[in-house]
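First the structure, in the form of structure tokens, and then the observations on it.
Values quoted throughout were computed directly from the atomic coordinates according to the rules given, and no laboratory measurement underlies them. Owing to the predicted nature of the structure, the values given are computational and were not obtained by experimental measurement.
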Ligand SMILES: Cc1cc2nc3c(=O)[nH]c(=O)nc-3n(C[C@H](O)[C@H](O)[C@H](O)COP(=O)(O)O)c2cc1C
């Protein structure tokens with residue numbers, strides 16, 4: 001199967017963690033990353049955390065919109081996370097959502113971290129905050145995270161340099177996803193169980209693999 005036809009069976013979800021609507025810089029970069037993934041053939045969607053009901057995000061109530069968002073992440077092969085830098089780290093909104101996910105919810109998924117800060121001082125929020133967060137859920141995180149400051153935008157439009165960093169991170173995500181899919185397809189488990197998770201590109205988590213091996 002060609003890479004292009006493989007890509008059209010893959011899904012990407014963008015997670016927006018800023019409450020700042022259209023004026024959010026991290027959201028603008030997320031839109032650019034999602035558009036790039038769509039351009040190379042992936043099916044894409046965006047989960048806007050600020051639109052989700054707070055009670056359910058805090059785990060105090062159930063809400064279909066939050067359950068859908070969790071399911072959208074579960075179904076994705078690529079997860080792009082875009083957050084403002086708050087207090088030298090990612091937004092609390094992102095943390096409460098990720099606290100709702102299973103501990104291996106991002107296993108066999110590739111993650112792209114994007115952060116927008118008020119200045120360059122907290123550049124390491126990507127490496128000290130976002131990367132460990134994504135890795136803790138099992139994600140493979142692309143080498144090239146994207147950090148933006150207000151000087152990278154003119155009238156809300158990102159600079160060419162920022163867009164190039166987005167494109168590079170997206171291409172890394174596509175390569176890593178192709179490798180992940182190939183690894184999953186070649187797992188010994190497929191000898192006894194022909195595509196035990198349905199579609200060959202469906203994403204078994206480590207837990208699903210253990211369960212399938214035990215049954
Ligand atoms: C509560 C709060 C805390 C912030 N903390 C930081 C910070 O620690 N470091 C930083 O560089 N910028 C900080 N900022 C600035 C934001 O990161 C910056 O405005 C960013 O563009 C917001 O992302 P957004 O445009 O996607 O909403 C903070 C802003 C707010 C409202």
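Expressed to the nearest 5 percent, the antiparallel share of DSSP beta bridges inside the stretch 3-187 is 10 percent. When the Cα convex hull of the stretch 3-187 is projected onto planes of every orientation, the mean area is 10.1 nm².
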